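Read the structure below first, then the notes.
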Amino acid sequence: MKKKVLLMGASGSGKTSMRSLIFSNNPASLTARLGATIDVEQNHVRFLGDLILNLWDCGGQDAFMDSYLSTQRATIFQHVGVMIYVFDVETREMNKDLEYYRDCLEGLRQYSPEAAVFLLVHKMDLVREPRIVLFEKKHRELQNASGDVPITVFGTSIYDESLYKAWSNIVHNLIPNAAILTKHLTTFAQACSATEVILFERTTFLVIATSSAMARAASSAPALSTASLPQDSSSQEDTHQLDPKRYERTSELIKAFKYSCSRVREEFHCLEMELADFTAVLDEMTRNTYVMVIVHDPTIETAAIKLNIRMARAKFE
Ligand code: GTP
């Protein structure tokens, strides 16, 4: 199954940078060397078995944008699953950006009316005034420009975990069997007496599904497709205060660790941590996924968690 993802936005807004971070495991510091994208760069990324993301990184210079909207219109806008439009938060040409954005929405309406639209207010690290205030202002502006088209807006930066949060949400939107995965993950979490279980895609380390005992207690936490463990799971788990950014932070940290491994020509396989109040195991679940299991019960051995992961593989493959 192929899903077309359009990555659009003004030249220099950061499209190729985010693509190279998420899909090519490059660090943020190397993005300054990237040249402008000429026309469209297409990539196929195998994502979860038979789901292939067909990523169209569309160079944002005016001449290219004009061509997407005229001669290449049908080619660009047909069969789109998701359009991601990137806005540089510090742009001095917001009106022009919005004009192109509206034109692209029109192209989508014509050729792919079912496509989901995600808007990224990018380079948030450069903002000096309170970020939330500026983000909300931009959000309103984008909402107005979108008319009745449903949009999802994220504030992002390549220098922190916010990019992983946005992209995990986007990709989650494209996975056809996300609800089933979450259901299996919850059964697995129960079998491990885990406080939390997270399923990551192997190359990107984007979060695909989570199952958290905390979800019940903190239903307001912005988690992806969380599923509560049944009532009889240890009530003491509810007292653990977990950071609402923990999923995207983990993606970011593991990606940085993988990059360090590659620099010393080592391959990353798995990770085990036994800390004072919890144990964490990160291991391969299937050919395309990794699973992280967090257990707070000190009587549960790491080896038992690893055995459970091995036993569950067939179910998730
Ligand atoms: P075109 O290919 O011309 O369409 O541009 P693009 O949107 O692909 O921009 P690109 O990814 O090449 O990024 C342009 C510059 O923005 C690079 O120097 C990046 O290092 C920088 N950049 C990208 N993301 C961020 C970010 O989150 N924060 C900051 N401060 N700089 C960023």
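Hey, among the residues in the stretch 172-204 that are outside any helix (DSSP H, G or I) and among the hydroxyl-bearing types (Ser, Thr, Tyr), which one's surrounded by the fewest Cβ atoms within 10 Å (Cβ to Cβ)? Result: THR203. Could you look through the stretch 93-103, keep only residues that are within 15 Å of the ligand (Cβ to nearest atom) and assigned to a helix (DSSP H, G or I), and pick out the one that is farthest from the chain's Cα centre (by Cα)? Here the residue is LYS96. Taking the conditions exactly as written (away from the ligand (no atom under 16 Å from the Cβ) and assigned to a helix (DSSP H, G or I)), does GLU114 satisfy them or not? Criteria not met by GLU114. The condition of being over 24 Å from ARG19 (Cβ atoms) and within 16 Å of the ligand (Cβ to nearest atom) holds for only one of GLU129, GLU90, GLU106, that being GLU129. When the stretch 1-60 is limited to residues that are in contact (Cβ under 8 Å) with a residue 60 or more places away in the chain, farther than 23 Å from GLU201 by Cα and in a strand (DSSP E or B), the one that is nearest to the ligand (Cβ to nearest atom) turns out to be GLY9. Within the stretch 110-139, being surrounded by 13 or more Cβ atoms within 10 Å (Cβ to Cβ) and of a type in the set (Asp, Glu) holds for ASP125, GLU136. Look at the stretch 201-213: where a residue is within 14 Å of TYR164 (Cα to Cα) and touching a residue at least 24 places away in the same chain (Cβ under 8 Å) and a partner is assigned to a loop (DSSP other than H, G, I, E, B) and hydroxyl-bearing (Ser, Thr, Tyr), sitting 6+ places away or on another chain with Cβ atoms under 6 Å, you get ALA209/SER225.
If only residues of the stretch 265-317 that are part of a loop (DSSP other than H, G, I, E, B) and closer than 26 Å to LEU51 by Cα are counted, the one that is nearest to the chain's Cα centre (by Cα) is ASN288. Within the set THR156, THR182, the sole residue that is among the hydroxyl-bearing types (Ser, Thr, Tyr), under 17 Å from the mean Cα position of the chain (by Cα) and either on the phi > 0 side of the Ramachandran plot or at pLDDT 90 or above (or both) turns out to be THR156.
As a summary of the residue check, LEU163 satisfies the conditions (1) in a loop (DSSP other than H, G, I, E, B); (2) within 16 Å of the ligand (Cβ to nearest atom); (3) in contact with a strand residue (DSSP E or B) (Cβ under 6 Å, 6 or more places away or on another chain) except for the one numbered (1). Residues in the stretch 20-57 that are touching an Asp or Glu at 6+ places or on another chain (Cβ under 8 Å) and modelled with pLDDT of 90 or more: TRP56, ASP57.
With the structure loaded, tell me whether LEU48 is buried (at least 19 other Cβ atoms within 10 Å of the Cβ), touching a His at 6+ places or on another chain (Cβ under 9 Å), among the aliphatic types (A, V, I, L, M) and farther than 18 Å from TYR159 by Cβ or whether it fails that test. No, not satisfied. Look at GLU237 and say whether it is in a helix (DSSP H, G or I), modelled with pLDDT of 85 or more and charged (D, E, K, R). Considered against the rule, which asks whether it is in a helix (DSSP H, G or I), modelled with pLDDT of 85 or more and charged (D, E, K, R), GLU237 comes out as no.
The values are calculated or read from the model by the stated rules, or taken from the named source; none is laboratory data. This structure is a prediction, so every number in the text was calculated from the model and none was measured. Note that we place each Cβ from the backbone using ideal geometry, even for glycine, and neighbour counts take in every protein chain shown.
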